[in-house]
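Values quoted throughout were computed directly from the atomic coordinates according to the rules given, and no laboratory measurement underlies them. What you see is a predicted model; the values in this text were computed from it and never measured. Please note: Cβ atoms are built from the backbone with ideal geometry, for glycine as well, and neighbour counts cover all protein chains shown.
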Amino acid sequence: MGNQGIALIDSRDIAKVAFHVLTTVGHENKAYHLSDPSAISYSKIADIHYSVIGKPVKQYMKIRRYGV
């Protein structure tokens with residue numbers, strides 16, 4: 001999973017857009033792309049975290065959910 005790209009978006013941003021679209025006029029029959037079309041890899045996210053906190057992020061670990 002380390003080098004596979006994903007498009008990220010925060011659920012709060014989705015909520016803000018949904019609120020605006022549902023409470024104002026002029027959005028009928030329109031579609032909006034909310035995420036950046038470029039994908040980012042988990043390796044790149046780890047590099048960004050390293051540059052911010054100054055500590056390396058060594059690996060991605062899948063966290064097991066209860067009941068799964």
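Under 22 Å from the Cα of Lys55, which lysines turn up, not counting those fewer than eight places away in the same chain? Of all the lysines, those that pass the test against Lys55 - Cα under 22 Å, at least 8 places apart if same chain - are Lys44. Would you indicate which of [x] 53; [y] 41; [z] 63 is the value of percent of Cα pairs over 17 Å apart derived from the coordinates of this structure? Computed from these coordinates, percent of Cα pairs over 17 Å apart corresponds to label [z]. From most to least packed by mean Cβ count within 10 Å, the peptides 25-38, 7-20 give 7-20, 25-38.
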